[in-house]
Amino acid sequence: MSTLPEFDTDPGRLAQPFPADFAWGFAASAYQIEGAAAEDGRGPSIWDAFARQPGAIADGSTGDIACDHYHRYPEDVRLMADLGARAFRFSISWSRVLPMGTGAINQPGLDFYQRLVDALLGAGVQPLINLFHWDLPQTLQDRGGFANPQVVGWFTDYAALLASSLGDRVKNWMTFNEPAVFAFLGHAQGIHAPGLRDWPTAIRVADNELRAHAGATQAIRALVDDAKVGVAIDVNQVAPATSSERDRVAADKWSSARDAWFLDPLFGRGYPALGLDAHREAGHLEGTDLAEPPAGDLDYLGLNYYRRDSVSARSDRAFDWEIGAVPGSEQTQMGWHVASDGLRDVLLELNQTYAPPEIVVTENGAAYPDTVEQDGRVRDVGRLEYLARHVAAAADALRAGVPLTGYHVWSILDNYEWSFGYTRRFGLVHVDFASQRRTLKDGARWYQRLIARE
Ligand code: FCB
């Protein structure tokens, strides 16, 4: 049972503040839904390798099959269209189109994305292509991956290939999803691929992501008329756990060393001073020689928002922090603290600090343990409420002048939730992974009515 005050989830009422052409949509990513990991010439990615490391994934699973979206995309596109979605943000599996990461093109892989784009457009759903959702080709990792500055050229060429293949029909592009998660969880904390635990490497990876973003943006702009190029940054609400000075300083340092670490450079301000202090103090900059990263040149800023992170300092040392949900707070199955007012506040703050031309909520959603009941329904009350509260918070931001143009639910389908494997369900559509049967949850019907303003 929810510990939150009651909330009116009426979709017609919640839809009111949004303009008729608001881009309601869904987000997903290649490794989490496609499957067909060894089919039609796809090369291995770092997630294929990482998922096979003993102990890396909660249920020992891989994305080999996932939602089998590679084969079932017509059904999935139909589901999205039936729900009234206006946008679908998906990612390209780099090693599906370039099995070695560079050089020879795998035509069947490219053809899959051609078919997907055509199906979406045919169903009235605008594709938003994300170039990188963490599944780097393994061959490139073997050459140093994102820690190797050559990645800027590899990524720019890859972006140019996609832009020239799909840019006649696809106008909405995203270079990176959550560059902080890829850099830090993958290279410093070791809980995502490639599973490294070295902060100076993570800092170099982040720096190369910013440079690769700039290279890819230029390539897309040169090849696609009227392209809109952006990036998805995950900014959750960061708050000190107590009113102590120590926790306040820790929270400020953490948000600077993590969120502003990407946002400030993207908006042409270089690395933030407080974040630099924190990383330097913690020894993360050893052996690195950070030059000023290039500005981002964004048409829109993508925001992935899920929760409130409370920071409590164990000592005065930078990064000697505990970060997570306040004990006893309302939490999803991820243990994430539900804080919808945080979405409003983050949107207002991003707008005030950086004044991006547009903001799109490129991910928002919640995991709860859902089951298909006897009568065929999935009563995902918790998710429905979570989404309703966040939509209301987005409306508050819109009313306060934030140039918000879209909102994408994470996710259309239950899928492979990285180190949690198949143990966390974020979909508005339930997936029975044994039969691949799709079942609309109550939340999906609610979202359909919201989009239809009913
Ligand atoms: C985000 C990721 C996405 C999914 C959601 C729950 O950090 O971008 O792939 O895992 O969280």
Checklist entry - What Kirkwood hydrodynamic radius do you get for the chain when you take the inverse of the mean 1/r over all pairs of distinct Cα atoms, in Å? => result 22.1 Å
Checklist outcome for this item: By the mean-Cβ-within-10 Å protection proxy, highest first, 98-107, 292-301 rank as 292-301, 98-107
Checklist entry - Assuming R0 = 25 Å, what is the FRET efficiency of Asp442 and Ala123, from their Cβ-Cβ distance, to the nearest 0.05? => result 0.60
Checklist entry - Given Asn130, Ala241, Leu116, which one lies farthest toward the positive end of the charge dipole of segment 4-452, if we put +1 on the Cβ of every Lys and Arg and -1 on the Cβ of every Asp and Glu? => result Leu116
Checklist outcome for this item: With only helices counted (DSSP H, runs n ≥ 4, each -39500 (n - 2.57)), the per-residue ellipticity at 222 nm for the chain, to the nearest 500, works out to -11500 deg cm²/dmol
Item to check | the chain, relative contact order in percent, only Cα pairs under 8 angstrom and at least six apart counted | outcome: 19 percent
Item to check | Peptides ranked, highest mean first, by Cβ atoms within 10 Å: ranges 162-170, 7-15, 21-29 | outcome: 21-29, 162-170, 7-15
Checklist outcome for this item: The correct ranking of Lys441, Lys171, Lys253 by accessible area at 1.4 Å, largest first, is Lys171, Lys253, Lys441
Checklist entry - How big is the charge dipole of segment 77-126 about its Cα centre, in debye rounded to the nearest 20, if each Lys and Arg gets +1 on its Cβ and each Asp and Glu gets -1 on its Cβ? => result 100 debye
Item to check | Highest average packing first - 88-95, 369-376, Cβ atoms within 10 Å | outcome: 88-95, 369-376
Item to check | Local net charge near Gly302, Cβ-Cβ under 14 Å (Lys/Arg +1, Asp/Glu -1) | outcome: -4
Checklist outcome for this item: Expressed as a percent, the accessible surface of the chain that is carbon or sulfur, using a 1.4 Å probe and the full set of protein chains, is 49 percent
Checklist entry - What does the accessible area per residue of the chain come to in Å², with a 1.4 Å probe and no ligands, DNA or RNA counted? => result 37 Å²
Next on the checklist: Give me the Å³ per residue figure for the convex hull around the C-alpha atoms of segment 300-453.
Outcome noted: 139 Å³
Checklist outcome for this item: Rounded to the nearest Å, the spacing of the alpha-carbon centers of segment 89-107 and segment 423-452 is 29 Å
Next on the checklist: Restricting to bridges with both residues inside the chain, how much of the DSSP beta-bridge set is antiparallel, in percent to the nearest 5?
Outcome noted: 20 percent
Item to check | Debye, to nearest 20: dipole size of the chain, +1 on Lys, Arg Cβ, -1 on Asp, Glu Cβ | outcome: 380 debye
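The values are calculated or read from the model by the stated rules, or taken from the named source; none is laboratory data. Being a predicted model, the structure only gives us computed values, none of them experimental. Cβ atoms come from the backbone with ideal geometry, glycine included; neighbour counts cover every protein chain shown. Note: areas computed on protein heavy atoms with side chains; ligands, DNA, RNA excluded. Shrake-Rupley method; radii C 1.70, N 1.55, O 1.52, S 1.80 Å.
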